[in-house]
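K.L.:
Quick one: the structure is below, and I'll ask about it shortly.
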Amino acid sequence: MRGRTERQAPMLLGVSTEEFIPKDHPIRRIRELTDTVLERLSPQLSAMYSTIGRPSVPPEHLIKGTLLMALYTIRSERQFCERLRYDLLFKWFLGLTITEPAFDATSFTKNRERLLSQEIAMAVLGEVTREARRRRLVSEDHFTVDGTLLQAWASLKSVHPREQGPPAGGSGKNPDVNFHGQSRTNDTHVSRTDPEARLARKGRGQETRLCFSGHILMENRSGLILDVLVTQASGTAERDAALVLLDRRKGPRKRITLGADKGYDTRAFIEELRQRAVTPHIAQNTSRRRSAIDGRTTHHAGYAVSQRIRKRVEECFGWTKTVGGGRKLRYIGVRKNQLWAAFTAAAFNLVRMANIEAQTA
């Protein structure tokens, strides 16, 4: 017998979001780790708010919502707030009931600015890494650094000479702009959409795009991201950022090893590492030149181990670009993209930690 489509809706539903999430769902382990991190951050979050006035969106909801955007590849705050209206998993992760209304997209975005000014994103990433240290998942001796180009939220049509105004073109949002035959460099041209983005390309013969440079410091035991940095793209951005990440590294000050690819094989950079008591496990660049890494480093068995493990940093970049939505950045400027990078790195670490503990359970 064919069923009928007309059904009477129940007048009273005595269930909670907890009953809709499977007991073996991976998000349960991630929520447990997230709640532990936010509990330790509670004093710092309380200092951000006044004791009087109208209650705002709880900071825990802002942080969890931003993590969900990275975990489920949500492309905007507006799309997240729309999905929060009907996705019971999202409501369960934030601790909302079925009938509680979702946040207004404008309020959610405005309250995120407070997180941006208080640098809470880096505090969340730092607390996640400290939790990983408590669980003995982090190496204190062996690290890897790498960088990549992140495509900016700006078109090449927005690039114009610094001394002149925007080029004359057609009307509409996507006007016709003929820039063929023109020589455009970062010294002479700038983007109207994102003035902080820089023209860059991965190599000879590759397409030039408006980009930022993203950098990651990874520990070699579990492949967790210890620190992340977004800078303007330049020829020396990777090596300059690597020194910044090393200088602000948390943990005991002792001799460590640092793995990296051939792009870091320069005498100036190797000398900076040795001054910081860092053993450079850098891949040798011997193409038409002499490598700055000699036999004093390469003959050790640990050098070969670092060369093998350092490639796992590509997994971090791959996750942040595909799942985290970093294939093309959705924010303007270094400051906002640094916020995105920190929360995305924290989300990656939470997934990684949850998977490791599930495998060892």
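K.L.:
Take the residues of the range 307-341 that are among the charged types (D, E, K, R) and under 23 Å from Phe143 (Cα atoms): which is surrounded by the fewest Cβ atoms within 10 Å (Cβ to Cβ)?
P.N.:
Initial filter on the range 307-341 (among the charged types (D, E, K, R)): 308, 310-312, 314-315, 321, 327-328, 330, 335-336.
Within this subset, residues satisfying the condition of being under 23 Å from Phe143 (Cα atoms) are 308, 310-312, 314-315, 321.
Values: Arg308: 11, Arg310: 24, Lys311: 13, Arg312: 15, Glu314: 13, Glu315: 13, Lys321: 17.
So the residue we want is Arg308.
K.L.:
Only one residue in Ala304, Ala341, Ala354 is touching a helix residue (DSSP H, G or I) at 6+ places or on another chain (Cβ under 6 Å), assigned to a helix (DSSP H, G or I) and among the small types (Gly, Ala, Ser). Which one?
P.N.:
Exactly one of Ala304, Ala341, Ala354 is touching a helix residue (DSSP H, G or I) at 6+ places or on another chain (Cβ under 6 Å), assigned to a helix (DSSP H, G or I) and among the small types (Gly, Ala, Ser), namely Ala354.
K.L.:
Go through the range 245-262 residue by residue and tally those that are surrounded by 15 or more Cβ atoms within 10 Å (Cβ to Cβ) and not acidic (Asp, Glu).
P.N.:
9
K.L.:
Name the residues in the range 34-61 that are in contact with a Leu (Cβ under 9 Å, 6 or more places away or on another chain), part of a helix (DSSP H, G or I) and of a type outside the set (A, V, I, L, M, F, W, C), would you?
P.N.:
The answer is Thr34, Pro59, Glu60, His61.
K.L.:
For the list (1) over 21 Å from the mean Cα position of the chain (by Cα); (2) part of a helix (DSSP H, G or I), I need the number of the one condition that Lys64 fails.
P.N.:
Going through the list (1) over 21 Å from the mean Cα position of the chain (by Cα); (2) part of a helix (DSSP H, G or I), Lys64 breaks only (1).
No lab work stands behind these numbers, since they all come straight from the coordinates. Given the structure is predicted, the values throughout are model-derived calculations rather than measurements. Here the Cβ is made from the backbone with ideal geometry for all residues, glycine too, and neighbour counts use every protein chain on show.
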